[in-house]
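Report on the following structure.
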Amino acid sequence: MLAQIRNADISLRSVDSVITRLDGTKYVEKRDGKIEQLADEMKDEDGSWAVLDENAATGVSGSGPETQGQEYETSNPHQQAGGPGDELARLLADDRTLQAYVDDIQDGVPFQVVEARLVGSHGIAFAKHFIDALNEDAAISAGGAQSAAEDSNVLRGEFAELHGRIGNRDWAPPTLATRCGEIARPGYNSGRAHEYLDSPEVLRAKVKMLAELFRAAKKPVIYGGAGLSTSAGVSDYATRAGSNSMVSRGGGASGAGKVLSPFAARPSLGHHVIAGLARKGHVWRFIQQNHDGLPQKAGMPQHLMNEIHGGWFDPSNPVVKMSGSLRSDLFADLLACEQQADLVVAVGTSLSGMNADRVVSTCASKAQPTKSSCWPPKGASETTLGSVIVSLQRTPHDANSSLRIYALIDDVMAMLAEELEIDVNENAPPKVAGAASRPATHQPDPLIQKLIGGQKLVDTDIFQVPYDRDGLRAPHNAKRVLDLREGAQVMLTNGPEEGQRATVLGRNADGHWRLRITHRQVSNQGTVKEFGEVRLLGSWWADCASKGTVEQIPVVTVPRSNPAEAGDAA
């Protein structure tokens, strides 16, 4: 396998990189080295670093598949009458004012919005016809040279783009499964949101090859994006096809789940298999772009996790906004993963310009010889296996991957579990200290818990943990009490509110602790305003804190006035 990667006669493709500064502005580093500043409005929805869109996930913004309303009628993707773009060119020639609607699509305005505007100005029939022409046309793609390849029912492109550098040249190319001409990630290095699938035979062969890579790797890293959680019912940015998407149609091992809240989502099959990979020693680190805690709910050890963009179940690691900073310890760990990983498997990420994408591009470059240097490249390990990309949509890094898989993540993971003989029980809840009865399926509201029928077990809320007063692992296994009973006072040990106190409000229906943090704002006039914020502490933290498996725990107990009630334990 390693020799095959070394001998692959394919050079690295230069990729335009979209860089996000900490102040939220973006610039593009072009292939020729020039810098192009992007407009201020080219930011993520909600101004967040993270791939996951919380507004869409909760159904507030209307961008999720459940709230998109009536969708436009798409043309037959197999229709061959005329070449791509012929009809749109004719319409634009007849009425040049229509160019403004094409510009809207290029700027990332959803098709439904453009269609609604057209209905008001040109009528329903013309609006549908124009949207069909837009959906077929290659000129609106942000992918440049990728455009022509994206408008065929069979994906075209370089061999490595279709299968990866170590793929079999006899494999059939991926085929179009869902046609969606919208830009997947406006403001980023992103193409159109079409979805592709490998044939069953090719997919099986690719998964066998993926299993070989895992067996050979010594420091494999999973790089998870929002696409990993879509089958669990948590929405993402890049899926633009709504209910027509492969996940929404339930075209895989598990279709899109129904959740009352993304905070209460259950892990997908993909999460469970990745947790199984970790149990067998096939995961060195899991870099999670999402905030949803689903890997840990599936049993992924917390000490292997790097929630680089923030986590909903770690009160010391709130979601990082564009104007914020990545936590220094997590960023340092990201850099360590970038330098040491010998295999990076990117699952469900568009790889369209996030800072953390560097772990994928660096590992891919270390695995490939270049024309300007001998093998291995300077600084590269002789055992670097490169990158694997698993997603339905194309990415800017496909041509540099060792293996490229076009498939639903749950399908790939189900096959991988067979190949590596991983025993996965998708419905089994992870073992956590004092956990509630079932996997995370409930809202914190007691009425909803009663309606669903949660059968709560006896909870344990006091733990002896080998950590000091700053939450760091204590020398000589010295123990302290971690008191998470309702009303207990705790202190955050890391993150932007390090040192701030919080009050434990008890557990929610899923067994996760609720912590209320009181924030103080002082106006220019000196007026003090206080407001509360509730954050969650995942129930698995008690287990890993008791065992001392993480370097630092998110909270420590604030000693009470009576030393016998809290503080150092004997």
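Some observations on this one:
- Against the criterion of being surrounded by fewer than 20 Cβ atoms within 10 Å (Cβ to Cβ), at pLDDT 70 or above, part of a loop (DSSP other than H, G, I, E, B) and not hydroxyl-bearing (S, T, Y), R156 qualifies.
Results for (1) in a loop (DSSP other than H, G, I, E, B); (2) at pLDDT below 90; (3) surrounded by 23 or more Cβ atoms within 10 Å (Cβ to Cβ), shown as yes or no for each residue.
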position	(1), (2), (3)
V202	no, no, no
A205	no, no, no
E212	no, no, no
K218	yes, no, no
G250	yes, yes, no
S254	yes, yes, no
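- Pairing residues of the range 485-499 that are among the basic types (K, R) with residues that are assigned to a loop (DSSP other than H, G, I, E, B) and surrounded by fewer than 20 Cβ atoms within 10 Å (Cβ to Cβ), at Cβ distances under 6 Å and at least 6 apart in sequence or on separate chains, gives R485/D461.
- Whenever a residue of the range 198-225 is at negative phi, its partners that are of a type in the set (S, T, N, Q) and surrounded by fewer than 20 Cβ atoms within 10 Å (Cβ to Cβ), lying with C-beta atoms within less than 8 angstrom and at least six residues away or across chains, give the pairs S199/T175; A205/N168; A216/T383; K218/T383; K219/Q340.
- Residue identified as open to solvent by less than 10 Å² (accessible area, probe 1.4 Å) and either modelled with pLDDT under 95 or over 16 Å from the mean Cα position of the chain (by Cα) (or both) among H303, H282, H271: H271
- Test for G538: is it touching a helix residue (DSSP H, G or I) at 6+ places or on another chain (Cβ under 7 Å) and either at positive phi or surrounded by 13 or more Cβ atoms within 10 Å (Cβ to Cβ) (or both): yes
- Condition met for D468 (modelled with pLDDT of 90 or more and either open to solvent by 40 Å² or more (accessible area, probe 1.4 Å) or of a type in the set (D, E, K, R) (or both)): yes
- Condition met for N524 (farther than 17 Å from P315 by Cβ and touching a residue at least 24 places away in the same chain (Cβ under 8 Å)): no
- Flag if V550 is of a type in the set (A, V, I, L, M) and open to solvent by 50 Å² or more (accessible area, probe 1.4 Å): no
- Here the strands (runs of 3 or more DSSP E) wholly within the range 329-435 that include at least 3 residues being modelled with pLDDT of 70 or more and either within 30 Å of G506 (Cα to Cα) or among the β-branched types (V, I, T) (or both) are 343-347, 386-390.
- Some residue of the range 105-119 being within 34 Å of the chain's Cα centre (by Cα), of a type in the set (D, E), at pLDDT 70 or above and crowded, with 16+ Cβ neighbours inside 10 Å: yes
The values are calculated or read from the model by the stated rules, or taken from the named source; none is laboratory data. None of these values were measured; they are calculated from a predicted model. Neighbour counts run over all protein chains shown; Cβ positions are idealised from the backbone, glycine included. To get the accessible areas, we keep the full protein, side chains included, count just its heavy atoms, and leave off ligands, DNA and RNA. Shrake-Rupley method; radii C 1.70, N 1.55, O 1.52, S 1.80 Å.
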